[in-house]
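Colleague: Below: one structure in structure tokens.
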Amino acid sequence: MHRIGIIGTGDIARKVYLPLLTGNPDVEIVALTSRTREKAVALARRHRLDVVVDDVGEVLQLKPDIVFIHASTSAHAELVRTCLDAGSHVYVDKPLSESLDETHRLEQQATAQGLLLAVGFNRRFAPMVRAAVEAVPNPTMIISEKHRRSIRPDRPFGTVYNDLIHAIDLACWAGAIPVDAVVQGAGIVDGDHLRAATAVLLASRCHAHVAMNRDAGDDAERLFIAGDAVSATVVNLDMVMVQESGTTTTRTFGSWDGILLRRGFVGLVDHVLNSLGAPEQCLVSATAVLRTHRVADQIARSLTGC
């Protein structure tokens with residue numbers, strides 16, 4: 001039985017993690033807290049929980065096996081550090097931090113303490129993405145796209161770190177892009193908003209292209225992977241087409257497959273909980289996703305001149 005504390009009651013906690021965790025027979029939620037107690041109480045009531053506490057300190061006094069953090073990105077670093085200091089494993093939504101130096105420090109602290117610090121890159125566990133990566137294990141070309149229906153009021157730097165980072169992560173992970181890859185980024189900034197961004201990651205064995213348009217008319221994602229006479233294309237995480245020797249094989253989900261499975265959250269949470277005894281084996285540990293944060297930081301700085 002995994003004893004879990006939860007910090008934060010935002011959209012991602014309400015829509016994803018509380019439904020997943022309360023439906024897992026191997027999980028006991030021992031504490032839930034939020035800056036707004038009324039929100040925590042309402043969410044707990046919805047899931048028939050009586051575990052609301054006033055603050056993070058009370059969560060940690062209950063000695064959970066792992067704390068799930070679903071707070072604003074600006075609060076991540078302090079909350080993660082507090083939990084690690086208390087000797088707790090941590091799961092936090094991506095990104096770990098918008099400061100690369102802070103990300104390094106937290107990763108080093110978790111490693112030194114032998115604790116799992118996992119970061120929520122769910123698309124690594126999306127079944128159609130997995131199928132594409134398995135079909136093309138040695139890619140030489142990757143195109144990773146994530147587009148939005150309309151421009152949102154986000155800073156360009158934050159847009160890269162909080163949205164484009166999903167496409168960056170898939171490119172880095174699927175292409176095993178090394179830390180010494182050449183990263184080149186360009187964007188179209190309209191006032192304080194990022195309208196479009198493109199980046200290339202150039203490594204000796206694989207080239208990856210990452211792209212986002214923020215007024216594309218609809219939300220859309222596409223991942224293209226090619227190498228060794230095989231290619232695979234994932235569309236909106238719902239379908240994968242594998243092409244080999246002139247033949248196309250298409251795979252989709254069944255009508256009963258839920259959105260949390262399709263987007264990889266089911267596999268992600270299961271993997272994180274199964275990694276508590278061996279943090280070094282976790283595919284989304286802070287160490288495993290450090291490269292993604294480095295590339296995101298390089299792209300964000302190239303777009304904003306920071």
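The values are calculated or read from the model by the stated rules, or taken from the named source; none is laboratory data. Remember, predicted model here, so these are calculated numbers, not experimental data. Neighbour counts are summed over all protein chains in view; Cβ atoms, including those assigned to glycine, are modelled from backbone coordinates with ideal geometry. Please note that ligands, DNA and RNA were not included when accessible areas were found on the heavy atoms of the full protein model with its side chains. Shrake-Rupley method; radii C 1.70, N 1.55, O 1.52, S 1.80 Å.
Colleague: Report the residue count in the range 1-11 for those that are β-branched (Val, Ile, Thr) and at pLDDT below 95.
Modeller: 1
Colleague: Restricting to the range 4-39, count the residues that are small (Gly, Ala, Ser), open to solvent by less than 20 Å² (accessible area, probe 1.4 Å) and over 14 Å from Leu273 (Cβ atoms).
Modeller: 3
Colleague: Among what's in the range 203-212 and is out of contact with any helix residue (DSSP H, G or I) (no Cβ under 6 Å at 6 or more places or on another chain) and at pLDDT 95 or above, pick the residue that is least open to solvent (accessible area, probe 1.4 Å).
Modeller: The selected residue is Cys206.
Colleague: Here is a follow-up. Please verify whether the range 188-200 includes one or more residues that are free of Cβ contacts under 8 Å to residues at least 40 places away in the same chain, loosely packed, with under 14 Cβ neighbours inside 10 Å and hydroxyl-bearing (Ser, Thr, Tyr).
Modeller: no
Colleague: Would you say Leu194 is farther than 23 Å from Met141 by Cβ, touching a Ser or Thr at 6+ places or on another chain (Cβ under 7 Å) and part of a strand (DSSP E or B)?
Modeller: When the stated conditions are applied, Leu194 passes them.
Colleague: Given the criteria assigned to a loop (DSSP other than H, G, I, E, B) and of a type in the set (Gly, Ala, Ser), does Ala71 qualify?
Modeller: Yes: the conditions hold for Ala71.
Colleague: Given (1) open to solvent by 10 Å² or more (accessible area, probe 1.4 Å); (2) within 30 Å of Thr252 (Cβ to Cβ); (3) modelled with pLDDT of 95 or more; (4) more than 17 Å from the chain's Cα centre (by Cα), where does Trp173 come up short, assuming only one miss?
Modeller: Status for Trp173: all satisfied but (4).
Colleague: Go through the residues of the range 67-82 one by one and say whether even a single one is farther than 20 Å from Asp11 by Cβ and without any contact (Cβ under 8 Å) to a residue 12 or more places away in the chain.
Modeller: Checking the range 67-82: at least one residue is farther than 20 Å from Asp11 by Cβ and without any contact (Cβ under 8 Å) to a residue 12 or more places away in the chain.
Colleague: Name, by its number, the condition in (1) in contact (Cβ under 8 Å) with a residue 60 or more places away in the chain; (2) surrounded by fewer than 15 Cβ atoms within 10 Å (Cβ to Cβ); (3) among the hydrophobic types (A, V, I, L, M, F, W, C) that does not hold for Ala42.
Modeller: With (1) in contact (Cβ under 8 Å) with a residue 60 or more places away in the chain; (2) surrounded by fewer than 15 Cβ atoms within 10 Å (Cβ to Cβ); (3) among the hydrophobic types (A, V, I, L, M, F, W, C) applied to Ala42, the lone miss is (1).
Colleague: Picking from Arg214, Arg205, which residue would you name as being more than 22 Å from the chain's Cα centre (by Cα) and over 16 Å from Gln298 (Cα atoms)?
Modeller: Sole residue among the options that is more than 22 Å from the chain's Cα centre (by Cα) and over 16 Å from Gln298 (Cα atoms): Arg205.
Colleague: Here is a follow-up. Residues of the range 79-138 being surrounded by 17 or more Cβ atoms within 10 Å (Cβ to Cβ), in a helix (DSSP H, G or I) and of a type in the set (S, T, N, Q), which ones?
Modeller: Matches in the range 79-138: Thr82, Thr103, Asn122.
Colleague: Let me ask something else about it. Output the strands (runs of 3 or more DSSP E) that fall wholly within the range 206-306 and possess 2 or more residues being in contact with a Phe, Trp or Tyr (Cβ under 9 Å, 6 or more places away or on another chain) and among the β-branched types (Val, Ile, Thr), or say none.
Modeller: Because the criterion is at least 2 residues that are in contact with a Phe, Trp or Tyr (Cβ under 9 Å, 6 or more places away or on another chain) and among the β-branched types (Val, Ile, Thr), the strands (runs of 3 or more DSSP E) in the range 206-306 that meet it are 230-235.
Colleague: While we're on this one: Scan the range 139-154 for residues that are farther than 18 Å from Val200 by Cβ and buried (at least 16 other Cβ atoms within 10 Å of the Cβ) and jot them down.
Modeller: Across the range 139-154, the qualifying residues are Arg148, Ile151, Asp154.
Colleague: Which of the residues belonging to the range 143-162 are touching a strand residue (DSSP E or B) at 6+ places or on another chain (Cβ under 7 Å) and within 24 Å of Cys282 (Cα to Cα)?
Modeller: Ser144
Conditions tested, residue by residue: (1) under 17 Å from the mean Cα position of the chain (by Cα); (2) at positive phi; (3) modelled with pLDDT of 95 or more.
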| site | (1), (2), (3) |
| --- | --- |
| Asp65 | no, no, yes |
| Ser72 | yes, no, no |
| Val92 | yes, no, yes |
| Ser97 | yes, no, yes |
| Arg105 | no, no, yes |
| Ala110 | no, no, yes |
| Phe125 | yes, no, yes |
| Glu134 | no, no, yes |
| Asp154 | no, no, no |
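Colleague: Restricting to the range 181-191, name every residue that is under 12 Å from Pro156 (Cα atoms) and assigned to a loop (DSSP other than H, G, I, E, B).
Modeller: Gly191
Colleague: With the requirement that a residue be out of contact with any Leu (no Cβ under 9 Å at 6 or more places or on another chain), assigned to a loop (DSSP other than H, G, I, E, B) and under 25 Å from Leu194 (Cα atoms), what does the range 153-180 give you?
Modeller: The answer is Pro153, and nothing else.
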